[in-house]
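Chemist: Input: one structure, supplied below.
The values are calculated or read from the model by the stated rules, or taken from the named source; none is laboratory data. Bear in mind that the values here come from a model prediction, so they are computed numbers and not experimental data. A quick note on method: Cβ atoms are made from the backbone with ideal geometry, for glycine too, and the neighbour counts reach across all protein chains shown.
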Amino acid sequence: MAFDAGMLACVIAEIREKSLGARVEKVFQPERDEIVLQMRSLEGGKRLLINAGSNNPRICFTTEQKENPMTPPMLCMLLRKHLQGARLSDVRQEGFERVVTLEFETRDEMGFDCKRYLIAEVMGKYSNLIFTNEDKKIVSVLHTVDFSTSSLRQVLPGMTYELPPKQDKQNPMEADGAHFLSLMIAGGAERPCDKWIASTFLGISSAVAREIAYRASGATDTPLGACRPEKLNSAFFEVIDGIKNGNFSPSMVLDGEKPVEYAFCALTHYGAGFVLRPYESAGLLLDDFFHTRDREQHIRQRAADVLRILTNADARIRRKLELQRSELADCDKGEEYKVCADLITANLYQLSRGMTRAELVNYEDYREDGSFGTCTIELDGRLSPSANAQVYYKKYNKSKTARVELTRQIALGETELKYIDSVFDALTHAETAADLAEIRDELYRSGYASRMKNYAASRKPSTPVVAEFRTSGGYRVLCGKNNVQNEYITHKLAGKNDYWFHVKNLPGSHAVMICNGEEPDAENFTEAAEIAAYFSKGADGQNVEVDYTFVRHVKKPTGGKPGLVIYHTNWSCIVTPDESRVLARRVK
């Protein structure tokens with residue numbers, strides 16, 4: 001799953017075709033490791049994304065609009081100063097490395113023509129973004145590399161930029177048939193073909209190496225010695241010549257709807273259970289592949305404190321419930337205590353102070369042969385028989401009180417656990433910083449502020465922005481992504497005769513279909529139910545049951561947690577949520 005040198009060549013060909021000569025209009029830095037250049041040319045506006053993070057490094061055109069921080073970081077302001085208004089004059093790949101140089105023509109502070117370079121090293125955990133002047137002197141760098149980090153190469157402002165140290169591998173763009181054959185002979189007959197290709201040649205990912213081996217032998221794990229040299233040679237240079245000639249066919253492999261792998265060429269070695277989806281451009285491919293992954297990573301980073309609070313609360317409540325249920329089970333001994341107390345009282349004449357045990361006839365234990373069972377009772381020898389009876393009566397009364405209180409506490413704990421689950425589910429649907437802010441504010445107002453460092457709730461909460469959809473019949477469906485939004489659409493936006501949807505017995509979003517006094521047909525109800533099921537914990541399930549009713553039947557109980565509602569009159573339907581179908585109905 002690597003952004004290899006072949007994929008970089010594919011992206012560069014796309015940039016040269018569509019944005020060479022374009023001018024930079026704006027520079028954004030939505031994430032710490034990510035820069036977006038908004039450029040405009042005769043082809044129209046394009047957004048060039050450069051991600052130099054360790055998780056998902058890449059460079060490509062993107063259509064995704066991300067929320068930018070209120071105060072731009074220092075690197076962003078520096079690039080705005082030097083690059084806004086600059087013209088992209090050249091884009092080139094350094095050798096067959098995962099290094100791309102963007103050359104810009106601009107003017108310096110004195111108004112003279114000059115060049116500036118933005119160099120992106122897309123190299124996994126070593127990825128970096130370097131900005132230099134026309135002499136290749138480093139002006140700024142995203143990740144500084146000093147002597148304590150690397151003794152081979154330092155990347156610091158003021159130093160002259162140097163390419164990363166060369167690897168002990170062959171450049172496939174310079175290889176020929178005879179050289180390839182000699183390397184193959186020296187490679188070792190028992191070595192897997194794909195491992196040999198990836199370790200011998202520069203810039204080829206494991207996925208592409210497996211594809212070459214598959215095209216040559218019909219399998220991905222074929223030993224090098226079992227491959228016919230002419231077949232492997234042909235398959236290898238078919239891929240390499242495609243890069244040289246700019247014949248790219250970006251594609252993505254999916255397991256159902258889940259992205260598995262991508263490459264600049266068709267990956268045909270996956271089995272029949274996978275889907276190979278071709279793309280017109282590398283930008284569209286990478287946008288689709290990394291969209292969900294980036295959003296989840298973004299949420300994890302920004303919601304780390306909330307996740308920690310919820311995880312700790314969940315574990316604490318579960319431990320408490322386990323102890324309370326154990327104590328409730330012990331309350332079943334209460335009846336035994338009463339029997340012991342009654343027997344002691346009925347046999348006071350037989351007992352005396354100092355006895356530690358008594359075996360008494362239990363007249364409630366009648367047997368088939370007409371006899372009665374006996375009961376062995378432990379006594380405190382320091383107490384009188386009547387005092388021992390009072391001890392057992394107290395235990396009995398205590399168990400009765402404990403049963404009532406434990407039952408109440410367990411119900412409260414289970415309710416809180418359901419609330420915690422609903423917030424966990426809301427985090428999976430959070431898309432923006434505003435969504436996270438609403439969740440934090442909700443937790444603050446629910447009594448979790450003491451576990452949030454330096455958090456202060458806003459005095460006047462902003463109006464929630466809910467997700468909006470449109471059914472095939474043209475009806476609006478509003479869906480909350482957290483409990484704050486759920487309450488807003490159910491109790492503020494919806495009319496009493498609109499329809500309300502929620503997945504049955506699972507945490508999930510409230511969905512409301514705005515009907516304006518009309519009665520939608522069955523298809524619209526199904527689509528609204530699918531939306532409610534998708535924005536719930538049952539999103540990945542099949543045959544998910546969804547309750548729906550009029551909004552007027554949905555009530556919030558007094559003192560209930562945010563998002564908690566009750567209803568007694570409803571209908572139910574069974575749907576299977578489909579992500580592509582649901583998102584296609586979303587109003588942008």
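Chemist: Just to check your reading of the model, which residue among A426, A358 is surrounded by 14 or more Cβ atoms within 10 Å (Cβ to Cβ) and more than 30 Å from S446 (Cα to Cα)? Working first, answer last.
Modeler: Working: A426 fails: more than 30 Å from S446 (Cα to Cα).
A358 is the lone residue from the list that is surrounded by 14 or more Cβ atoms within 10 Å (Cβ to Cβ) and more than 30 Å from S446 (Cα to Cα).
Chemist: From the list K195, K137, K169, pick out the single residue that is within 20 Å of Y270 (Cβ to Cβ) and touching a residue at least 12 places away in the same chain (Cβ under 8 Å). It would help to see each step written out before you state the result.
Modeler: On the way: K137 fails: within 20 Å of Y270 (Cβ to Cβ); K169 fails: within 20 Å of Y270 (Cβ to Cβ).
None of the others qualify; the one that does is K195.
Chemist: Of all residues in segment 468-498, which are surrounded by fewer than 22 Cβ atoms within 10 Å (Cβ to Cβ) and small (G, A, S)?
Modeler: S472, G473, G474, G495
Chemist: Do we find a residue being outside the structural domain of K46 (by TED's automatic domain parsing), modelled with pLDDT of 85 or more and not hydrophobic (A, V, I, L, M, F, W, C) anywhere in segment 288-306?
Modeler: Within segment 288-306, one or more residues are outside the structural domain of K46 (by TED's automatic domain parsing), modelled with pLDDT of 85 or more and not hydrophobic (A, V, I, L, M, F, W, C).
Chemist: If you scan segment 194-228, which residues turn out to be in a loop (DSSP other than H, G, I, E, B) and among the charged types (D, E, K, R)? Give the derivation first.
Modeler: Residues of segment 194-228 in a loop (DSSP other than H, G, I, E, B): 202-205, 218-222, 227-228.
Those that are in a loop (DSSP other than H, G, I, E, B) and among the charged types (D, E, K, R): D221, R228.
Chemist: Looking at segment 536-545, can you tell me whether even one residue there is out of contact with any strand residue (DSSP E or B) (no Cβ under 8 Å at 6 or more places or on another chain), within 21 Å of E438 (Cβ to Cβ), surrounded by 14 or more Cβ atoms within 10 Å (Cβ to Cβ) and not hydrophobic (A, V, I, L, M, F, W, C)? Spell out how you get there, then give the answer.
Modeler: At the first step, the residues of segment 536-545 found to be out of contact with any strand residue (DSSP E or B) (no Cβ under 8 Å at 6 or more places or on another chain) are 539-542.
Next, only the ones that are within 21 Å of E438 (Cβ to Cβ) stay: 539.
Subsequent filtering for residues that are surrounded by 14 or more Cβ atoms within 10 Å (Cβ to Cβ) retains 539.
Right, trim to not hydrophobic (A, V, I, L, M, F, W, C) and you get none.
No, every residue in segment 536-545 fails to be out of contact with any strand residue (DSSP E or B) (no Cβ under 8 Å at 6 or more places or on another chain), within 21 Å of E438 (Cβ to Cβ), surrounded by 14 or more Cβ atoms within 10 Å (Cβ to Cβ) and not hydrophobic (A, V, I, L, M, F, W, C).
Chemist: I'm trying to understand the selection: among the residues of segment 156-168, which are over 19 Å from Q93 (Cβ atoms) and either basic (K, R) or at pLDDT 90 or above (or both)?
Modeler: L156, P157, G158, M159, T160
Chemist: Pull out all pairs, ordered by first then second residue, where Cβ-Cβ is under 6 Å, the residues are six or more apart or on different chains, the first lies in segment 531-558 and is closer than 22 Å to A494 by Cα, and the second is of a type in the set (A, V, I, L, M, F, W, C) and part of a loop (DSSP other than H, G, I, E, B).
Modeler: Close Cβ pairs satisfying both conditions: S536/L506; V551/A494; V554/V565; K556/V565.
Chemist: If I ask for residues that are part of a strand (DSSP E or B) and either closer than 19 Å to I243 by Cβ or touching a helix residue (DSSP H, G or I) at 6+ places or on another chain (Cβ under 6 Å) (or both), which ones from segment 1-29 would you list?
Modeler: Within segment 1-29, the first condition is being part of a strand (DSSP E or B), and the residues that meet it are 23-29.
Result: V24, V27, Q29.
Chemist: K395 versus (1) touching a Phe, Trp or Tyr at 6+ places or on another chain (Cβ under 8 Å); (2) farther than 30 Å from I344 by Cα: which is the lone unmet condition?
Modeler: It is condition (2) that K395 fails.
Chemist: Scanning for something at pLDDT 90 or above, within 23 Å of L564 (Cβ to Cβ) and in the same structural domain as N570 (by TED's automatic domain parsing), does segment 515-525 turn up at least one residue?
Modeler: So far as segment 515-525 goes, no, none of its residues is at pLDDT 90 or above, within 23 Å of L564 (Cβ to Cβ) and in the same structural domain as N570 (by TED's automatic domain parsing).
Chemist: Which of the numbered conditions does K481 fail, given that it passes all the others? Conditions: (1) under 19 Å from R586 (Cα atoms); (2) not in a loop (DSSP other than H, G, I, E, B).
Modeler: Of the numbered conditions (1) under 19 Å from R586 (Cα atoms); (2) not in a loop (DSSP other than H, G, I, E, B), the odd one out for K481 is (2).
Chemist: Further, regarding this structure: Only one of F201, F237 is without any contact (Cβ under 8 Å) to a residue 60 or more places away in the chain and either surrounded by 15 or more Cβ atoms within 10 Å (Cβ to Cβ) or closer than 15 Å to Q170 by Cβ (or both); which? Walk me through how you get there before you give the answer.
Modeler: On the way: F237 fails: without any contact (Cβ under 8 Å) to a residue 60 or more places away in the chain.
Step by step, each of F201, F237 is checked, and only F201 is without any contact (Cβ under 8 Å) to a residue 60 or more places away in the chain and either surrounded by 15 or more Cβ atoms within 10 Å (Cβ to Cβ) or closer than 15 Å to Q170 by Cβ (or both).
Chemist: Would you call S462 at pLDDT below 90, in contact with a Pro (Cβ under 7 Å, 6 or more places away or on another chain) and hydroxyl-bearing (S, T, Y)?
Modeler: Values: at pLDDT below 90: yes; in contact with a Pro (Cβ under 7 Å, 6 or more places away or on another chain): no; hydroxyl-bearing (S, T, Y): yes.
Against the criterion (at pLDDT below 90, in contact with a Pro (Cβ under 7 Å, 6 or more places away or on another chain) and hydroxyl-bearing (S, T, Y)), S462 does not qualify.
Chemist: While we're looking at this one, here's another question. Suppose we filter A304, A315 for residues that are surrounded by fewer than 17 Cβ atoms within 10 Å (Cβ to Cβ) and under 30 Å from P30 (Cα atoms); which single one remains? Reasoning before the result, please.
Modeler: Working: A315 fails: under 30 Å from P30 (Cα atoms).
Criteria check complete, one pass: A304.
Chemist: Is it true that K320 is surrounded by 13 or more Cβ atoms within 10 Å (Cβ to Cβ) and either under 30 Å from E416 (Cβ atoms) or not small (G, A, S) (or both)? Outline the logic, then answer.
Modeler: Working: surrounded by 13 or more Cβ atoms within 10 Å (Cβ to Cβ): yes; either under 30 Å from E416 (Cβ atoms) or not small (G, A, S) (or both): yes.
Answer is yes for this residue.
Chemist: Consider only pairs whose beta carbons are under 6 Å apart and that are at least six residues apart or on different chains; among these, list those whose first residue lies in segment 63-75 and is closer than 25 Å to P157 by Cα and at pLDDT below 85 and whose second residue is assigned to a loop (DSSP other than H, G, I, E, B) and hydrophobic (A, V, I, L, M, F, W, C).
Modeler: Cβ pairs passing all conditions: none.
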